[in-house]
Amino acid sequence: MTEAEPYLTRLTNRLLDGVERLPAAVRERNAQYLLGAQNPDGGFSGREGPSDLYYTGFALRSLAVLQALNPDACGRAANFLRARMTGSAGVVDFFSLVVSCYLVPIGGGPDILADAPADWRDRVAATLETFRTPDGGYGKAPGAPHGSTYTSFLVTLCLQLLDRPNPEPEKLASFVKSRRRPDGGYVEIAAMKRSGTNPTAAGVGLLQILGELSDAEKLETAEFLSALPSPFEGGLRANDRIPAADLLSTFTGGWTLDQLGHASKLDWESVRDYAFACERVFASGAPLPAKSGFTVPPGGGFRGGLWDDRTDVEYTFYGLGTLALAALMLE
């Protein structure tokens, strides 16, 4: 039995609820950071290079949870998205394009899909199916011999947004379960033995969508994730062999524990302080502020971790998401 509410709807609503609880200064400075990052063509870039669908998707999602989408920014973004509606693309770009096309009208921009052919959604779904692999998952390119846990997750999210069913959900569920390891975590590719935070988040998300996750499996996965916080930083690590935490793993791990019903296994004060420490106002390598009497600093934009010296719109989404979850847990 699959879940009724689309996964991204649940995620967005949860983050909206948490972001509303953040100090106004936090919301304002990050909204200004994101709006200031928009390029003249309406898209958003990574740390270098031209506008990119991937980063445009993250910027628009961040502005959405901040409730800072506006007609001007969305109208400009629409121009960029229209220019990218045709041509070939990988799964990541398909996902980013579809998400962005749904967000732009919410912020007062035009309905980009209104100009698309009537069968556009069916065409996209059919194109996504060309990424299907013999093991039941989806690969990073058509004809790939083995599926990717993360790519399979993105395809499933895309199909939900398009309101199209997965053609073979049983095979997909079997594929995801084959990526589960004895420690309760999941891996990205079949040859990997050591579970990671981010493939675990993707694997859990997929099985929740497909209605294939048992209570016992939830607890085992929660135990795996709860062992991953860095004792010196407060954030989560990508796996148990990596010494430093990162903001991506902190967000995906925290969100997954929340969805598993075991968020209490994390020290959310430490998680919150780690996320704030990743804002650009802290110099690379600066010590974490003390928990007691923590003051939110000025600034805007988030780095990938305390080891990083640059911000970008993707990590800003993870930072805001982490702070939103922490605000809900510490209320």
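Any read-out appearing in this document is the output of simple, stated calculations on the displayed coordinates, not a laboratory observation. Predicted, not measured: the structure shown is a model, and the values here were computed from it. Positions of Cβ are generated from backbone atoms using ideal geometry, with glycine treated the same way; all protein chains shown enter the neighbour counts.
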key: Cα-based Kirkwood hydrodynamic radius, the stretch 87-131, one decimal, Å   = 11.3
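Within 10 Å of each residue's Cβ, count the other Cβ atoms and sort E5, E212 from fewest upward.
Working: E5 10, E212 18.
In order of increasing Cβ crowding within 10 Å: E5, E212.
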task = Report the one residue of L8, A25, G49 whose Cα lies farthest in the direction of the positive end of the charge dipole of the stretch 1-79 (charges on C-beta: Lys and Arg +1, Asp and Glu -1; origin at the Cα centre).
result = A25
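At 222 nm, what value in deg cm²/dmol follows for the chain if DSSP H runs of at least 4 each add -39500 (n - 2.57) and the sum is divided by all its residues, to the nearest 500? All intermediate terms of the calculation are to be shown ahead of the outcome.
Values: 13 runs with 168 residues, N = 331.
Value at 222 nm, helices only: -16000 deg cm²/dmol.
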request  = Taking the Cα atoms of the stretch 161-270, report the difference between the largest and smallest coordinate on each principal axis, in whole Å and largest first.
outcome  = 45, 28, 28
ask   = Across 20 Å bins from the origin, how do the percents of Cα pairs in the chain run, short distances first?
value = 32, 60, 8
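In what order do D52, D115 fall by count of nearby beta-carbon atoms within 10 Å, going from fewest to most? Show your work: numbers first, answer last.
On the way: D52 19, D115 10.
Going from sparsest to densest Cβ surroundings: D115, D52.
Rounding to the nearest 20 debye, state how big the charge dipole of the chain is about its Cα centre with +1 on each Lys and Arg Cβ and -1 on each Asp and Glu Cβ. Don't skip to the answer; put the middle values down first.
Numbers: 31 positive and 39 negative charges, 84 e Å.
Approximately 400 debye in magnitude.
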query = At what distance in angstrom do the alpha carbon centres of the stretch 225-261 and the stretch 1-71 lie from each other?
reply = 22
query = How high is the relative contact order of the chain, in percent, counting Cα pairs under 8 Å that sit 6 or more residues apart?
reply = 19
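With charges only on Cβ, +1 for K and R and -1 for D and E, what is the dipole size of the stretch 129-213 about its Cα centre, in debye, rounded to 20? List each step's numbers first, then the result.
On the way: 10 positive and 8 negative charges, 63 e Å.
The calculation lands at about 300 debye.
Relative to the compact-globule scaling 2.2 N^0.38 Å, provide the ratio for the alpha-carbon radius of gyration of the stretch 129-213.
For the stretch 129-213, the normalised Cα radius of gyration comes out at 0.98.
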ask   = Can you list the lysines whose alpha carbon is less than 28 Å from that of K140, not counting same-chain residues fewer than 8 positions off?
value = K171, K177, K193, K218
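Pairs of Cα atoms under 8 Å, at least six residues apart: use those to get the relative contact order of the stretch 75-133, whole percent.
Across the stretch 75-133, relative contact order equals 36 percent.
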